[in-house]
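*Asks:* Sending over a structure as structure tokens; questions will come in a sec.
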Amino acid sequence: MYTTLSLINKRRTLHLKRDDQNVLYENGVATRSWNSTDLAPISTCHKVKASSDVYFDCIQMYTMRAGLKFCNLDHLPAIKKPLQHRIKNAAYSIEACRVEDNSDSFEHARPFEDIPGPKPIWILGNSFRFLPLIGEYGDKTGTERLQMLREHFGDIVKMEGLPNKRKSVFLFSPTLIEKMYRTEGTWPMRIAMESLHYYRLNRDWIYHGKYGLTTSQGKDWHDFRTKVNKHMIQPRAINPHVQQIDEIAAEFVEKIRDELRDPSTLELPASFNNEMNKWALESIGAIAVNHRLGCLKSDLAEGSEPQKMINCIHEMFSLMFKLELMPSLWRLYQTRSLKRFFYILDTINEIAIKYIHQAKERMHNKTESNSHEKSVLEKLLAIDEQTAYVMALDMFTAGVDTTSNACGSMLYHLSVNPRVQEKLHEEAKAVLPEKGSPITLETLKNVPYLKACLKESHRLSPISIGTLRTAQSDIVLAGYKIPKGSDLIAGHALLSIDPTEFERPNEFIPERWIRNGSEFLSAKNAHPFSYMPFGFGARTCIGKRFAELEIEVLVLKLIRNFRLEWHHQPMKWDSYLINTIASPLKFKLIDL
């Protein structure tokens, strides 16, 4: 039985073996015996590739020991102990190379303090860097901030001195990100939005100890997620809702044609961004509580409940960004921003709870003979009433801005890429013979190019900069110690446009996601952990199925009916907690 150590450099490979009698073999030739003390540290480096300096160090040790053995001097303590120490150090040098390559050796890793990153300033920390006008990251998009951090500091960046006083580390290597996910444990933890969690703690008459998937951790999160998974994240969860979403999309397309589009210029108004929000709220309302909220009515007033909810949701993300990242004293006393944040969330919850109660009354009034598709609320009420309430509230809160901005981004990419749009139009005509043909579940199974376009849009314009995790144990990343409790941020938004991962990364090429597409551009060439728009594992986005359904149905209907054109400056995005479209969505829509 042999133990093997291969030391490799460009010029030569030395294979060292030992058998049960501790006889050392060099490239298959028995040369001498080593004792167990000598071999112990080296045997731990089984099949390890070492760098050239370690290679020559080990060869030097071997040559010296062989020479001393030949001269019968290796038994002398004055020679033997220092030599054993050097051999041991050489072996640990080999181990250090392994540490740099995703080793779990926490003991020999470099200290956390050595991780490069922007230095915090006394009192201000690093928060001032995100302030508009004076901070270098203040007026940048989320992706631009990531790009600056990576260019200045490398693939692993420490960010300290933020208001939450937590240790944060940005990761810009898919290999490091993969290790982050692989070590997340059974109940993955991520940074909880402190301001949102604080609000929910202070509204116990609403949440009753169940704070939802956004802020819950550990067993509480696991129990909640287990109850909702079946009706939210499984692929078949969307099946009952396809007809509802198709009807809403068809109504929205007619509103665009008859009311919103300028008859002379054929352009949509600057307010179309808000119309997209109305469509998203109407869609999520149908899914969550099985009720049409009336968001698409032409006479919807500014003070109406749907519009108030849309305005509040948009402001909520802006306030949360300020409370979490900007210098603030809200943790010490109730600042104006915190009071406004509480008011905004109270308004959202008041309207959403009204919708939930109305849905519950309709359910009670229905007879057994009434055939209807059950809403998510109704399905979850059969499991746990409080879970159903909180999940429905979260669907209203998280399902509007995210979906509308993702859909708007996809429409923009199609409008500035006529080749792609024409190819998608041909696919749309194949599955929808008439402009008004309904979209069914079977339809959505036969639109691979549409799904590829959505993936490509997520790659170029992700809704968030990446995913968050909290280290649940001491781990090593890139040779550095990452203590338990450190916050890790995977920079997927940057990696998804990294030329080392994706060929021609700034071009909109859906074919890279098609199985029979260009092999040269295939997304298969990218590291699987470089692109993850909805996260990974147990904490993947719970609403991804519904968001994709809404976007695919609306885009398919629009492309079947119109040719989209863009005659303005390139699209701009703002970055708060999510990336939102900053430019007016003034598409030109030409009837086909």
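Computed from the coordinates by the stated procedures, all read-outs in this text should not be read as laboratory data. Bear in mind that the values here come from a model prediction, so they are computed numbers and not experimental data. Note that we place each Cβ from the backbone using ideal geometry, even for glycine, and neighbour counts take in every protein chain shown.
*Asks:* Please turn the phi angles of segment 202-215 into ³J(HN,Hα) values with the Karplus equation 6.51 cos²θ - 1.76 cosθ + 1.60 (θ = phi - 60°), one per residue in order, whole Hz, x for glycine and proline.
*Replies:* Taking θ as phi minus 60°, the curve returns 8, 10, 5, 6, 9, 9, 6, x, 10, 9, x, 6, 5, 10 Hz for segment 202-215.
*Asks:* Continuing with the same structure: Counting only other residues whose beta carbon sits under 11 Å from that of Phe529, what net charge do I get with K and R as +1, D and E as -1?
*Replies:* 0
*Asks:* Of Thr580, Thr186, Thr403, how do they rank once you tally other Cβ atoms within 10 Å and put the fewest first?
*Replies:* In increasing order of surrounding Cβ atoms, one gets Thr186, Thr580, Thr403.
*Asks:* Out of segment 132-225, which trypsin sites (Lys or Arg not before Pro) are coil in DSSP terms and have no more than 10 other C-beta atoms within 10 Å?
*Replies:* Of the trypsin sites (Lys or Arg not before Pro), the ones in loops of segment 132-225 whose Cβ has at most 10 other Cβ atoms within 10 Å are Lys165.
*Asks:* Now, a different point. Taking the Kirkwood radius as the inverse of the mean 1/r across Cα pairs, report the Rg/Rh of segment 241-315.
*Replies:* 0.97
*Asks:* Among residues other than Thr226 whose Cβ falls under 15 Å from its Cβ, what is the net charge (Lys/Arg +1, Asp/Glu -1)?
*Replies:* +4
*Asks:* How would you classify segment 208-364 from its alpha-carbon gyration tensor, with a ≥ b ≥ c the square roots of the eigenvalues: rounded for a/c under 1.5, else prolate if a/b is greater than b/c, otherwise oblate?
*Replies:* Oblate.
*Asks:* Compute the length gained on full extension between Arg336 and Ala270: take 0.36 nm times their separation in residues and subtract their Cα-Cα distance, giving the result in nm to one decimal.
*Replies:* Gain on extension, Arg336 to Ala270, equals 20.7 nm.
*Asks:* What three numbers, in Å, describe the spread of the alpha carbons of segment 475-544 along their principal axes, ordered from the longest?
*Replies:* So the three principal-axis extents are 43, 32, 18 Å.
*Asks:* Using amide H atoms built in the peptide plane, which far-off residues or other-chain residues are under 5 Å from Trp573 H to H?
*Replies:* Hits under the 5 Å cutoff: Ala582.
*Asks:* Out of segment 560-592, which trypsin sites (Lys or Arg not before Pro) are coil in DSSP terms and have no more than 10 other C-beta atoms within 10 Å?
*Replies:* Lys572
*Asks:* Mind jotting down the distance between the C-alpha centroids of segment 135-153 and segment 542-592, whole Å?
*Replies:* Segment 542-592 and segment 135-153 have Cα centres spaced 26 Å from each other.
*Asks:* Sum up the charges of everything whose Cβ sits under 10 Å from the Cβ of Thr265, counting Lys and Arg as +1 and Asp and Glu as -1, but leave Thr265 out.
*Replies:* My count for the surroundings of Thr265 gives +1.
*Asks:* To the nearest 0.05, how large is the calculated FRET efficiency for Lys572 and Thr440 if R₀ is 51 Å and r is the Cβ-Cβ distance?
*Replies:* Result of the calculation: an efficiency of 0.90.
*Asks:* Please report, in whole Å³, the volume per residue of the convex hull around the C-alpha atoms of segment 125-211.
*Replies:* That works out to 133 Å³ per residue.
*Asks:* Read phi for every residue in segment 496-506 and hand back ³J(HN,Hα) as whole Hz from Karplus 6.51 cos²θ - 1.76 cosθ + 1.60, θ = phi - 60°, with x for Gly and Pro.
*Replies:* Whole-Hz 3J(HN,Hα) from phi for segment 496-506: 6, 10, 7, x, 6, 9, 10, 5, 6, x, 8.
*Asks:* Continuing with this model, one more query. Could you give the length gained on full extension between His222 and Ile121, defined as 0.36 nm per residue of separation minus the Cα-Cα distance, in nm?
*Replies:* Difference between extended and current length: 32.5 nm.
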